[in-house]
């Protein structure tokens, strides 16, 4: 199962003090063995190269999930992943941030396992204040099992942007002015996991997991949160690094003209599903965030 932490931030945004500080977790020398803990399937998490590479395994008994020891309130999270080779139907390899709790915030990269010869499908979703169902899916334009590729989540008070190898593929803007909750108050953990979801992962669950192909192994490396605000729960403070002061750096980053052009190219050529165009789900009116004009936020 994917899952996320049951712990939840209780401070409101107005009570959060964002300060510049030198924080160990943002120093750029990340180590999976040091910076994460296996919160499920510990025996299926293997750390190599002095902890700089993590191999997560799914077998018939269990998958595994890593959870960052630090929590963050805004940041840029980069992770290189090499997906399961060969037949991987029914499996999900994931990288996501999540606050936990019934009204949780969450941003997902979920890679839906494929039948040999079929392209990998990337499933993305964004939860705010416990509401999700904002799915977008993409067919990857490269073989994600042949080498590592960088998957990134940029989260600041203005927007959430998802990237693949620096190419923007999705943006979720802060539309709270229009009544759409935006993740801005709950600190999150970073998660990496592999698990069995044969009920829905591949072709809507029509293709099941072939356990004769197990174990299924995904590799992670170069975890980076150099630009982030690390949550100090005792002090109720988010301490930021890498240009995280209000008004500058990654904290104020938005989509520019070229980013929008690139994102639209990805959507036109590689998007497989968008909830914002699903008339069966929304026969009367699309969700508010789907129809707010781009220039209004």
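Taken together, the values in this text are just the output of simple stated rules run on the coordinates, not laboratory data. If you're wondering where the values come from, they're calculated on a predicted model, not measured in any experiment. Every residue, glycine as well, gets a Cβ built from its backbone with ideal geometry; the counts of neighbours run over all protein chains shown.
In angstrom, the C-alpha Rg and Dmax of the range 81-176 are 14.0, 43. Dividing the convex hull volume of the alpha-carbon atoms in the range 13-296 by its residue count gives 139 Å³ per residue. Here the residues 274, 232, 105, ranked from fewest to most Cβ neighbours within 10 Å of their Cβ, fall in the order 274, 232, 105. I need the fraction of alpha carbon pairs in the range 120-279 separated by more than 19 Å, rounded to a whole percent. Roughly 65 percent, rounded to a whole number. When shorter helices are ignored and each DSSP H run of at least 4 residues is given -39500 (n - 2.57), the per-residue value for the chain at 222 nm works out to -2000 deg cm²/dmol.
Modelled this way, with points 7 Å down the Cα-to-C-beta line, the labels at residue 131 and residue 282 are 1.1 nm from one another.
Going by how many other Cβ atoms sit within 10 Å of their own, how do 176, 198 line up, fewest first?
With the sparsest Cβ surroundings first, the list reads 176, 198.
Between residue 211 and residue 291, the simple label model (points 7 Å from Cα in the Cβ direction) yields a spacing of 4.8 nm. Annotation for the range 253-288 versus the range 51-116: alpha-carbon center distance of 24 Å. Neighbour counts of other Cβ atoms within 10 Å put 240, 229 in the fewest-to-most order 240, 229.
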